[in-house]
Each structure stands twice: as structure tokens, then as C-alpha cells.
Amino acid sequence: MVQTAASITAKARGRRKKRLSAIWLQFLGSMNLAISLLVVVAIASVIGTVLPQNQPYIDYLVQFGPFWFEVFRLLNLYDVYSAAWFLFILGFLILSTGVCVSRHMPAMWREVTRYRTHVREQSLLALSQHQRWQAEADTDTAAAVATGALQGHGYRIRTEQRGDSLIIGGMQGRSMRLGYILTHVAVVVIAIGGLVDGNLPLKLMEMRGDVRIERENLPLSRVPSESWIAPETGAFQGSVNIPEGSNSGVVFLQLRDGYLVQELPFEIVVEQFRIEHYPNGMPSSYESDLVIHDPDLAEPIRQTISVNHPLTHRGHTIYQASFGDGGTRMEITGRLLDGTGAEVPISGRIFEDLNLELGAMERTLELDDFQLLNIQRDTRAVTRTGARSEFVNSGPSFNYTLRDEAGQARYYHTYMAPVRVEDQWYYLHGMRMDEGEPFRYLHIPIDDRSSMNFFMEFHQALHDRNRVDAASQRAADTLLTQMGVANPQLVSQVARTADEMIRYLLNGGFGAVEAHLESRVQGAANAPMLREFSQAVLQRTLFEIYLEMLADRRGVTPAALQVEDPDRRFFEDAMNAVSGVAEYGAPLILQLDHFEYRQATGLMITRSPGKGIVYTGSALLIIGIFLLFYVSHRRVWAMITPKPDGTTDVLMGGVNQRRPEQFEEEFASLTRSMDQHLGSVSQKSKD
Amino acid sequence: MAVSRDQIIRDMRQPSYWQRLSWKDWLWAAVMVVATAVTLIVLWDAMNYYEVVITAITGATMMWMGWYWAASKIYMSAVCLISLFAISRYPELAAAEADFFLRYIGSSQSAIMWMSALFPAATLAYGAGLLTGNAFASKVGTALTWTGAGAGLIGLLVRWHETHLYEGGIGYIPVSNLYEVFVLFALMTALIYLYYEGVHRTRTMGFWVLLIISASVGFLLWYHFDRGAYQIEPLVPALNSYWMKIHVPTNFVGYGCFAIAAMLGVAYLIRARVADDSPWAARLPTLKQIDDVSYRAIALGFAFFTVATVLGALWAAEAWGAYWSWDPKESWALIVWLNYAAWLHLRFTKGLRGKVMAWWAIIGLFVTTFAFLGVNMFLSGLHSYGEL
Ligand code: HEM
């Protein structure tokens, strides 16, 4: 038969094909590949730890600039661990491990099931551990001794007659090979479980266009239906904030630069959220009382969850993850700072935006956050011996933002009650221009009724022209008299400067007064003295007003007034606060009168159907590794051959690939046992 | 021969594990059973189900440790007795200052300071042994290492009691912050080393291992004096879990083993440059010893690290809602794990030995150190507990 060229090439191709697939298998199951892959996965994992993952895209854009932002985005570096290339290497590792196990499996099986009783004398002599006896016993006895020695040392044996010789094959520690299989199968099992719980299915749904990530912050009812995922479709990890007394049947899955809405097969009602505290005020536990309404259940489930104590229902696990305000209702009094002393009642909830009509002005008030407790280390606790430290609670406070007509915002933080600062009590009103900055606090001193009223009246009085005039007259008079200059014209001139300075003070604080003085005394010969005098006048004027008000408040005449140290202290603080108010940048000051606290609990809800697989894999892995490391597979053979002279030749040899040093001892013990029963009648030879 | 086959087999039966235990071992077991029972009875009301289980496992582990490693019986007994004595003198925290014994020896601060002095002293002693070849100096090194490891463990145990005395009894096992785990690292590494020293009957490895322990003591002291890290602080709720009690110590067996392997890698590279007939050769461990101990340390470390990572996953599942979230700490645990898996494959299945493996073990320690320290310092994530 003549072979055509075509058929030859077809055959050759077939052979090459077969060889190719064999090469592929060889390659996939090779140790070099395994080691390289282990190292590559390790290095790839580094990227995801160096670059914070799954941040809002805008953050990356700011950090890297438009060019690199785009490059990194294409490489999927913002979510490395679900990037296609990362999953590909991981998949490769799993494939390689799988191929490796399946290729080694038959050999391993042979290793554990076969006793290799077909060994030859030469191969036993080639083992580094072997021993030979010339025993004056019959074959049966020698065999019994060898069997006894091996079984006594815990070996399982098989006996086989081969030609003249009786061969006893013994082995121990077979489970080490099982360890290899368990370890490597476990890697594959864990990976499969991981895939089930990973976001690969979601990615596929997205690629098929079944779901679309929503990027805008919409109320739930307006989220389009293609961004919803039906209950019990796959694994997810989502979160939701639920205010006390409210309920939710969905969670939000944060994905790249947007989110999806995952429906739950039940409703969660949050009855209460609590923070438990250590005696020193630090939080010790966060707890939520939940009620689960499931249509499949006759009775709702009631359970309290806390950090480290989640609730699992229908394959969904509900965790205490975070907390926040749930819309605390607040009654606030706004006091205008324009000298009218007008009060504006405000009432609203946290997260509400309110419009304030303040005479000619308009402001938007955004109620941002509320804190029930403000616990700080007490800085006055000087004796901090060892572990003892002290804490103080400064009571409730709230955050808000005020926006002017142009949308320009300032951020405020105000305490409800006075706070103790270095032995004095103040109402603290924090302000910052930028959210990244720390707050700068306006310290308003409290009066004898622990309120801000007296300060507010004082501040208001500074806007009263007549009152300021009269006070500045008195101040000028007093000062000039003290200096021994009695000149009515000078008095009214000085009084006018005092008036002017107070207006600067109200509008720009002491800084503005300084600047104004500086420009006025510029060039004058006695500038420092003039400046000092002007400051004295301003201070005296303010003090005159204060004295008058204080006398009024106490129901005595100014002359009969006793000014004590605390009064002076109040005055000092009030002057600083008046200056502070000028920089405060708000047309009104808010005072919280009353609140109804309402918190929200932050729940994380997960569903991971692959969890059982992963845990099983982990258990296999641990068992496998310990077997692999701490059991060693060893074999011993005894070859018993009768000699023509009536003696019996006994050759024993053994091997332990893993721990040869350890095996040396065991083999010595075996031969000692043999010696005892064959020894007196045998002649030993090591070779 | 009139001996029956069965008779021979019976005669040659090796004593089983249980039969090989001496009366000392059984006495030890009895002491452990009683101690565990007393602990359970005294603290019954204060413990939850898991803590009872953990206590029982601890008792069993100590029993087994005593059997497996005879020297550890003395160590465990001494540590327990001294700790109990220290605790008995603690009606309240202030006693740490007032009581003479506590102030100079038994309070956690003092004990940890003793540890911080003893380990560097042991390093010097081993170093002297290395330089002069004086066997006595190395013996002193061993004694100092045992004492240092004892002081460290006493420090932690007493601190555990102190946390319960702290305002309102915040009580937690002291393996919850960097300061405490550094103590744990130093003493764990020392103990694992002492075990191998006993097995190989050589003190030539001591200097190298003690170097890394002293380095960690140096960090500990800086942390103590510069940052006041020794202060007992209440636990953040996420750490308040029984998983922590087993996850962290398990992890540190791993870290300790990897540290030992890396230092032996250094010793290997040095020994490989020394001629066999030089006097230094006798004062350094043999290449075979290093090779064997490195392998055993990495195998032990890898096994424990695997268990620790799985425990961490179980804990994460309970605390954060996902057994694996690719948090930086988790990712770095995986990196460390993969790195040593690669090492084991190279060494075991490719049969690669020598300098490459020594270098790999040294680099492995840098990777491990980053996972242990670097992640906390440079990367943010769930492990920084910024959330709650
Ligand atoms: C993530 C992947 C893997 C892990 C975690 C892993 C883990 C291990 C461990 C811990 C050992 C024990 C080493 C020792 O005894 O010192 C081992 C041994 C071994 N591994 Fe892997 N392995 C992986 C992948 C692979 C792959 C892909 C192969 C195939 C080339 C492979 C082949 C082997 C072999 C042949 C042994 C020796 C078994 C024996 O006879 O004792 N491994 N592996």
C-alpha cells in the first residue's frame, strides 16, 4: 500500500497533537510552574495592598491625575482582586495544582497500597539502612522474628514467597501521602468556594447587561430597576443604615464608582441601637435590637446583635458594622448677632436642610450630625500613674453647615452645655472654613445662671450707640483725670475714638482694631504711647459698659457695685469672645434647647453560599499539612533465604525519604530487636 | 526453638506511647488535670462556653508539651507559680507600686523589663561563647534565654490579671496591641529556639537567634519609653472575641519560626564562607544542622501560620461579615504563606538546599515583618479598627 503524502502528514500531526497536549499537561503540573505561580500571585497581591482599593473614583483622579488615572483604571488596579488578569493567574494556579494532584494521584495510590514485595537483594543492599544476619534458625522462626520486630514497631506487613526467598514488606506512615492529596485538593476546594462567593457572577451579569451600576445618589424608589438584584441570586456583601424605629428590605452593594440595590427575602426592623460603655466612657460594645419579618415565618425573629455576635437567617448573616445619627430631632434657638437680640426658633432633624430668613439675609442651614457624648481624656489629670487615666464627658454637640446666598459654606460645631476649659466654663462654638481643618472655637463665658444670656446682652449693648457714647465719655473722663489732664474737648475727642474702635471690634475683632490703630498712629512721634492709650480707652469703655450692666443685673448702683475676681475674669473672657464673634462668620449663633435622640445602626449583610466549601477546604488543608509534615512514610523489607548449610540468611533494609536522620534511630531499634532473637546464633554483617 | 510465633511477636512489641511515659509524666498529667479543674471551678462564673473549651484545650496542650519536651515542665511550673504568686499580691492596681515583690519583679511592667534585660544579656553570653569558644558562656546564654522567656510570659500573664483590675475590669488577654504582641514574639521565638537547641544539643545557633529577639526587644523599649505603649487601654469592641485568644498566639508561633529560619539563613551564609579546619567552624553550627533546623522551623511555622490564617478567616467572618475581604493584612498573610509554600516546594520537591534557600529565608523575614508591622504602620484597612 502506498501512503499518500496527505495521510503521512495527518498522522504526524496527530502524533504532534498528542505530544502537545502531553507537553501542556506536563507544563501545567510542573513544579517550576507551581513555584513561579506562587511567587507571581504573591507579588500581584502586593499591588492591592499598596493602592487603597475600591475608593471613590474621584479620589484616584485627584491623586494620580487624568493620564495615570486612566492607565490604572484600564489595568483594573482599583479593584485588583477581581481584575480579570488577577483571576486569570489565580485560575492558572488552581489549574496547575489540580493537574498536579491528578497526575500524582496514581503514583500516590501505588505508594500507599503496594508493599513492593518484589524487591531484589541488590536494591536492599543499596539502601543506606540495611543489615544482614546469618541465623542458625529455620526460615519460619526467622520470619516470625522479622514479623514480630516489624509489627512490634508498628509496621503493617505483607508477606510473599519469591523463589527461594520469603519477602516481608512493611510500611508505616501512609497517611503522609494522604496529606499531600488533602493539602493540594484543599487548595482547589478553597479556590472553588472563593469563586462561588466572589463577584465573578456579578461581573458576568454586568457584562451581559443584566445589571447596571447606579452612580447617582437617588432615593430608593427612584433607583432604576436594572440596578436591582433579586433576592437569593448569589453571594453579596452589602451595607445599609437603618434609623431606630425604621425598617429596610434591601442592602446596597458598593461597586467601583457606584452601587447596586440587593433585595432581601425579609424585612429588618431596628427597634433600638445602643452603645455600651466601659466605666471610663470608652465604648465597649455596639448593639442593635432587630426584628426580622419573613413571610415564610409564622413569628418574627427578635434578636440583639453586636460586634462579633451576628445573626444568621436564611443564609444571610447580619452584622453590626457601624452606626450614625438616624435623624435626631432638635429644637434650636438662633440668636442674631446684629445687635437686635432677635431670636429665631429653629426645629429640624439631622440630615435636613432648612432655609433661614434672617431679615435681609438668607442662609441655608444643613444639620449634619449629632453627638450624644463627647468623651475626652481629661488634660487636667496630671497624676497619670500607670494605667489610670481620667475622662470627661462634655455632653451633646451637633454639627451644621451654613451656606450664604452664593453657596459659600462654613462649618460649625456647637456644644449644648457649657464645657469646662482650664477651670472656667464656656459655651463652645467651633467654626472652620474647610472640612479638612480643625475647628477653631469661640469661647463664650457663662454667667451666674450658667447661660450665655449675659454675654449676649453685653454683645448687644455694644451695638447701642447712646450707651457706647455715654460709656466712652465716662472712660475718657476717668482716664484723663487719672493722667491729670482736665480738658473737656479732649474728652469728647477721645470718646469719639473709643466709639470708632468699638465698631471695628464688632466688625473685625481685635485684629481689625489693631490694624486701624496702626494706620492712625503711623508717623506720629509718640506712636507706641498713643497706641497704648487708645487701647486703654477701648478697654475702659468696654469695662464701663460692663459695670453698668453688672450693676443693673445685681440691682445696685454702679457706685455700690463690688467687682470681684470672677467678674473681672468674665469681662476678660467676654472681650475675647466679642472679638471672636466678629471672626465667627455667622449672622447668628445657635443654641440647642432640646433634642430627641435617634440613632441609626449600620448593618452589613452578607450571603456567601460558598462559605461551607471554603471552610471544608480549610479543614482539609490543615489536616493535610500536619500529616505532610509530621507523619513520615517509611518502608522496611526483610528478605529471608534458607542456605544449603541449614542456616538462614536474613537481609533487612529500610528507607524514609523524608527524614533519614530520624529513621536511622528507628532502624537501629529494629535491628536491636532482631539481634535479641537472632543474635546469639547469628553472625552480623553490615555489608 | 520452642518459642511460638505469637510469643515472639508479643515479646518484640515496642512499648506504646502511653507505656513509655514515666511516673514523672503521669505526675505532670495529674498536676495539669488538677490545675485545669481548679481554674475552671474558680473562674466558672466568669467564663463563657468558649472560654471553658479554650481553658480545657490549654490544659491538655500543657500536659502534652510537658510529655513531649521534658524541659518545658520546669519552665511552665515556674512561670505558673511565680505568676500566681504575683497575682495573689494584687488586691488592686496600686499594689504594683507599693508591694516590693511586684514593684521589682512581679508586676507586668517589671517582668517585661526583666525580659528586656535578660534577652540582650543572653545575646552577649552566646556572643562571648561564639567569640571565645567558651562552652560555659554559651551555657549561661541558655540559662538567660530560659529566664528571659519566663519573665516575658510572667509579664503577659500578670498583665492579663492587671487588665481585670483596671477601672471597671475591662479584662482582656494581653495580645491585643503591638506592645503586647512584641513581648509575645520575643518569648515565643526564644522558646521555639530553646526547643531546637535541646533537640540538636548545640548552642552554636543561640547567638544568631537571640540577635533578632534582641532587635525586637529594642523596638519594644523604644515603644515603651517613646510612646508610652505599655498603658493598658480598653479593648475596641471588634477585638473583644474569643477568636483573638487563639488567633494571635498561633500566628506568633509562625512569625517566631520564620524569624529563626531567617537568622539561621544568616548563619548559613557565614558558615559557608568559613573553612572547615578554621577554629570558627566548631563554634558555628554545621551546615547540616542549620539546614535541618531551618526546614523544621519553616515547616512548623507554615503549619501554624496556616492554622492562624484560617482562624483569622473564621474570626473575620464573625466580626466583619466576610471570611476574606482582601484587607491589606489578609493579603499580606497570603503573600507570606505563598512565599513559604514556594520555599517548601523548592526545598522539598526540587531538593534545592544551600545559599539560595538561606537567602530566600532571609528575604522571607522581610516579607513577614512587613505583614506583621509594615501593614499596621503604612497601610490602612480593617485591621486598624478605624471603623468603630
Ligand atoms: C497554592 C498551591 C500549593 C500549595 C499551598 C502547596 C503546598 C504544599 C506543601 C505545604 C507541601 C509540603 C512540602 C513539604 O513537605 O515540605 C507540598 C508538597 C508538594 N507539592 Fe505542593 N502546593 C501547591 C501547589 C502545588 C502544585 C501546583 C504542585 C504540582 C507541581 C505541587 C506539588 C507538590 C508535590 C509533588 C509535593 C511533595 C509531596 C510529597 O511527596 O511529600 N504543589 N505542597
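The values are calculated or read from the model by the stated rules, or taken from the named source; none is laboratory data. Here the structure is a predicted model, which means the values were calculated and not measured. Because the Cβ atoms are built from the backbone with ideal geometry, glycine has one as well, and the counts that use them run over all protein chains shown. Ligands, DNA and RNA are excluded from the accessible area calculation, which covers all protein heavy atoms including side chains. Shrake-Rupley method; radii C 1.70, N 1.55, O 1.52, S 1.80 Å.
Of the residues B:280, B:315, B:243, only one is more than 9 Å from chain A (Cβ to nearest Cβ), over 30 Å from residue A:658 (Cα atoms) and out of contact with any Cys (no Cβ under 6 Å at 6 or more places or on another chain); which?
On the way: B:315 fails: more than 9 Å from chain A (Cβ to nearest Cβ); B:243 fails: more than 9 Å from chain A (Cβ to nearest Cβ).
Criteria check complete, one pass: B:280.
Has region A:646-656 got at least one residue that is within 49 Å of the chain's Cα centre (by Cα), crowded, with 16+ Cβ neighbours inside 10 Å and in contact (Cβ under 8 Å) with a residue 24 or more places away in the chain?
Yes: region A:646-656 contains one or more residues that are within 49 Å of the chain's Cα centre (by Cα), crowded, with 16+ Cβ neighbours inside 10 Å and in contact (Cβ under 8 Å) with a residue 24 or more places away in the chain.
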**OP:** Give the residues of region B:322-371 that are in a loop (DSSP other than H, G, I, E, B) and within 16 Å of the ligand (Cβ to nearest atom), sorted by residue number.
**Re:** B:324, B:349, B:350, B:351, B:352, B:353
**OP:** Taking residue A:166 as meeting all but one of (1) away from the ligand (no atom under 16 Å from the Cβ); (2) out of contact with any Gly (no Cβ under 9 Å at 6 or more places or on another chain); (3) in a strand (DSSP E or B); (4) open to solvent by less than 10 Å² (accessible area, probe 1.4 Å), write down the number of the exception.
**Re:** (4)
**OP:** Only residues that are open to solvent by 40 Å² or more (accessible area, probe 1.4 Å) and either farther than 25 Å from residue B:189 by Cβ or not in a helix (DSSP H, G or I) (or both): list them for region B:281-298, please.
**Re:** B:282, B:286
**OP:** Could you give me the residue pairs with C-beta distances under 8 Å whose first residue belongs to region B:111-128 and is under 12 Å from residue B:186 (Cα atoms), whose second residue is among the hydroxyl-bearing types (Ser, Thr, Tyr) wherever it lies, and which are 6+ apart or on separate chains?
**Re:** B:112/B:230; B:118/B:145; B:118/B:147; B:119/B:145; B:119/B:214; B:120/B:214
Subject >> Considering residues of region A:403-437 that are among the small types (Gly, Ala, Ser) and open to solvent by less than 50 Å² (accessible area, probe 1.4 Å) only, the residue nearest to residue A:568 (Cα to Cα) >> reply: A:417
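Going residue by residue through region A:668-682, is there one that turns out to be buried (at least 18 other Cβ atoms within 10 Å of the Cβ), among the acidic types (Asp, Glu) and over 30 Å from residue A:286 (Cβ atoms)? Walk me through it before giving the result.
Step one: of region A:668-682, the residues buried (at least 18 other Cβ atoms within 10 Å of the Cβ) are A:670-671, A:673-674, A:677-678, A:682.
Narrowing further to those that are among the acidic types (Asp, Glu): none.
Among the residues of region A:668-682, not one is buried (at least 18 other Cβ atoms within 10 Å of the Cβ), among the acidic types (Asp, Glu) and over 30 Å from residue A:286 (Cβ atoms), which makes the answer no.
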Original post:
For residue A:109, all conditions in the list (1) among the hydrophobic types (A, V, I, L, M, F, W, C); (2) open to solvent by less than 70 Å² (accessible area, probe 1.4 Å); (3) under 60 Å from the mean Cα position of the chain (by Cα) hold save one; what is the number of the exception?
Top reply: (2)
Original post:
Here is a list of conditions, (1) farther than 17 Å from residue B:153 by Cβ; (2) open to solvent by less than 40 Å² (accessible area, probe 1.4 Å); (3) touching a helix residue (DSSP H, G or I) at 6+ places or on another chain (Cβ under 6 Å); (4) away from chain A (no Cβ under 14 Å), and residue B:93 meets all of them except one; can you say which number that is?
Top reply: (4)
**OP:** Determine which member of the set A:173, A:152 is within 15 Å of the ligand (Cβ to nearest atom), open to solvent by less than 70 Å² (accessible area, probe 1.4 Å) and farther than 16 Å from residue A:620 by Cβ.
**Re:** A:173
Original post:
Any idea which of (1) away from the ligand (no atom under 16 Å from the Cβ); (2) modelled with pLDDT of 90 or more; (3) within 14 Å of another protein chain (Cβ to nearest Cβ); (4) out of contact with any strand residue (DSSP E or B) (no Cβ under 9 Å at 6 or more places or on another chain) is the one residue A:617 doesn't satisfy?
Top reply: (1)
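In the set A:125, A:87, A:95, which member is away from the ligand (no atom under 13 Å from the Cβ), closer than 30 Å to residue A:202 by Cβ, open to solvent by 30 Å² or more (accessible area, probe 1.4 Å) and part of a helix (DSSP H, G or I)? Talk me through it step by step, then tell me what you get.
Details: A:125 fails: closer than 30 Å to residue A:202 by Cβ; A:95 fails: away from the ligand (no atom under 13 Å from the Cβ).
Being away from the ligand (no atom under 13 Å from the Cβ), closer than 30 Å to residue A:202 by Cβ, open to solvent by 30 Å² or more (accessible area, probe 1.4 Å) and part of a helix (DSSP H, G or I) holds for just one of A:125, A:87, A:95, which is A:87.
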Subject >> Scan of region B:325-364 for residues that are open to solvent by 30 Å² or more (accessible area, probe 1.4 Å) and more than 7 Å from chain A (Cβ to nearest Cβ), ordered by number >> reply: B:325, B:329, B:337, B:348, B:351, B:352, B:353, B:355, B:356, B:359, B:360, B:363
Subject >> Pairs with Cβ under 6 Å, 6+ apart, first in region A:96-122 and within 13 Å of chain B (Cβ to nearest Cβ), second near the ligand (Cβ under 8 Å from one of its atoms) and modelled with pLDDT of 90 or more >> reply: A:97/A:184; A:97/A:187
Original post:
Taking region A:176-202 only, how many residues are closer than 30 Å to residue A:255 by Cβ and either at pLDDT 90 or above or within 16 Å of the ligand (Cβ to nearest atom) (or both)?
Top reply: 9
Original post:
Out of (1) within 16 Å of the ligand (Cβ to nearest atom); (2) touching a Lys or Arg at 6+ places or on another chain (Cβ under 9 Å), what's the single condition that is false for residue A:624?
Top reply: (2)
Subject >> Among (1) acidic (Asp, Glu); (2) closer than 23 Å to residue A:669 by Cα; (3) crowded, with 20+ Cβ neighbours inside 10 Å - the single one residue A:140 does not satisfy >> reply: (3)
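Could you say whether any residue in region A:554-568 is closer than 20 Å to residue A:463 by Cα and in a helix (DSSP H, G or I)? Walk me through how you get there before you give the answer.
Within region A:554-568, the first condition is being closer than 20 Å to residue A:463 by Cα, and the residues that meet it are none.
Taking every residue of region A:554-568 in turn, none turns out to be closer than 20 Å to residue A:463 by Cα and in a helix (DSSP H, G or I).
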Original post:
Is at least one residue of region B:196-205 in contact with a Pro (Cβ under 7 Å, 6 or more places away or on another chain), modelled with pLDDT of 90 or more and open to solvent by less than 10 Å² (accessible area, probe 1.4 Å)?
Top reply: yes
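Considering every residue within region A:436-453, establish whether at least one is farther than 29 Å from residue A:394 by Cβ and at pLDDT 90 or above.
Within region A:436-453, the subset farther than 29 Å from residue A:394 by Cβ is none.
The answer is no, given that none of the residues of region A:436-453 is farther than 29 Å from residue A:394 by Cβ and at pLDDT 90 or above.
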Subject >> Failed item, numbered, when residue A:132 is tested on (1) open to solvent by 70 Å² or more (accessible area, probe 1.4 Å); (2) away from the ligand (no atom under 16 Å from the Cβ); (3) touching a Leu at 6+ places or on another chain (Cβ under 7 Å) >> reply: (1)
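Output yes when any residue across region A:372-386 is modelled with pLDDT of 90 or more and not in a loop (DSSP other than H, G, I, E, B), and no when none is.
Step one: list which residues in region A:372-386 are modelled with pLDDT of 90 or more, which gives none.
No, region A:372-386 has no match at all.
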**OP:** Would you be able to tell me the number of residues in region B:290-312 that are under 14 Å from the mean Cα position of the chain (by Cα) and under 23 Å from residue A:611 (Cβ atoms)?
**Re:** 2
**OP:** Output the residues belonging to region A:636-667 that are within 14 Å of the ligand (Cβ to nearest atom) and more than 12 Å from chain B (Cβ to nearest Cβ).
**Re:** A:655, A:656
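Scan region A:41-73 for residues that are within 14 Å of the ligand (Cβ to nearest atom), within 9 Å of chain B (Cβ to nearest Cβ) and hydrophobic (A, V, I, L, M, F, W, C) and jot them down. Let's see the steps before the verdict.
Initially, region A:41-73 is screened for residues within 14 Å of the ligand (Cβ to nearest atom), giving A:41-42, A:44-45.
Applying the additional criterion that residues be within 9 Å of chain B (Cβ to nearest Cβ) yields A:41-42, A:45.
Across region A:41-73, the qualifying residues are A:41, A:42.
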Original post:
Out of (1) open to solvent by less than 40 Å² (accessible area, probe 1.4 Å); (2) touching a residue at least 24 places away in the same chain (Cβ under 8 Å); (3) farther than 26 Å from residue B:108 by Cα, the odd one out for residue B:33 is which?
Top reply: (1)
Original post:
Within the bounds of region A:207-230, is there any residue that is touching a residue at least 60 places away in the same chain (Cβ under 8 Å), outside any loop (DSSP other than H, G, I, E, B), closer than 27 Å to residue A:294 by Cβ and away from the ligand (no atom under 16 Å from the Cβ)?
Top reply: no
